[in-house]
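The values are calculated or read from the model by the stated rules, or taken from the named source; none is laboratory data. All figures in this text were calculated on a predicted structure; none of them were measured in a lab. All Cβ positions, even for glycine, are placed from backbone atoms using ideal geometry, and neighbour counts span all protein chains on display. Keep in mind that these areas ignore ligands, DNA and RNA; they rest on the heavy atoms of the full protein, side chains included. Shrake-Rupley method; radii C 1.70, N 1.55, O 1.52, S 1.80 Å.
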Amino acid sequence: WDRLIELLEDSGIKDVNYKLTGYINEGIRSTMLNKVKFISQMGGKSDFKKMVKSLKDLSSKIYLDGSVQFQYRTNLFEGFFSYRDAARFVSDELCKLYEYSDIWYGQDKDKDYYYLLNQTLREKCADVFANKSVKYGVDGVSYEDIGNIVSSDFNKRHLTTRGASKNSQIQKLKE
């Protein structure tokens, strides 16, 4: 990537904002961002740090993209436990979501499902993601799903309204 960006700058394409999607936590359908782990196929953490360092003197900016509201892969070893970490519908069922078919517009249960995280965990993941991104020297972060979805959580232990969720998202974007 760094060589490609340098070539673009040399050819006169300057002041571009690059959003790097799929670099962390198993790719585009990432695991929750309670930690940031770079994908080895993309060069891993060391190559990412080298790339960011080599691009510091250019006019372009690098933003690391991540999703903080969803958990696509359920793996206890990654720290996700659905009964504790997922938001709940008003029926008290876990917010287990499915993608919709582009053909018949219904839930496609043959595709991967994912969970909506509870508000406390969403805020924690946003903080971890932002802090790690600063540590790696990128120009900023791109939250893939903040501002895109405003949801409530009907878990009796930590009830969250849509209004509280909206206010939390606005605060995270300001930070």
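Structure data summary
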| read-out | value |
| --- | --- |
| Ser67 vs. criteria open to solvent by less than 30 Å² (accessible area, probe 1.4 Å), among the polar types (S, T, N, Q) and either in contact (Cβ under 8 Å) with a residue 40 or more places away in the chain or at positive phi (or both) | yes |
| Neighbours by Cβ (under 8 Å, 6+ apart or cross-chain): first from the range 6-25, touching a residue at least 12 places away in the same chain (Cβ under 8 Å) and among the small types (Gly, Ala, Ser); second open to solvent by 50 Å² or more (accessible area, probe 1.4 Å) and not in a helix (DSSP H, G or I) | Gly22/Ile28 |
| Residues of the range 131-142 classified as touching a residue at least 60 places away in the same chain (Cβ under 8 Å) and either assigned to a strand (DSSP E or B) or not acidic (Asp, Glu) (or both), total | 8 |
| Any chance Lys50 is within 22 Å of Cys125 (Cβ to Cβ), part of a helix (DSSP H, G or I) and open to solvent by 80 Å² or more (accessible area, probe 1.4 Å) | no |
| Number of positions in the range 83-125 that are assigned to a helix (DSSP H, G or I), under 20 Å from Asn167 (Cβ atoms) and open to solvent by less than 30 Å² (accessible area, probe 1.4 Å) | 4 |
| Residues located in the range 99-140, provided they are more than 21 Å from Phe81 (Cα to Cα) and of a type in the set (A, V, I, L, M, F, W, C) | Ile103, Trp104, Ala130, Val134, Val138 |
| Test result for Val128, touching a helix residue (DSSP H, G or I) at 6+ places or on another chain (Cβ under 8 Å), closer than 23 Å to Tyr63 by Cα and not in a strand (DSSP E or B) | no |
| Qualifying residue in the range 27-46 (condition: in contact with a Ser or Thr (Cβ under 7 Å, 6 or more places away or on another chain), open to solvent by 10 Å² or more (accessible area, probe 1.4 Å), more than 27 Å from Glu123 (Cα to Cα) and not in a helix (DSSP H, G or I)) | no |
| Subset of the range 80-130 (residues that are farther than 24 Å from Lys37 by Cβ, in contact (Cβ under 8 Å) with a residue 24 or more places away in the chain and aromatic (Phe, Trp, Tyr)) | Phe89 |
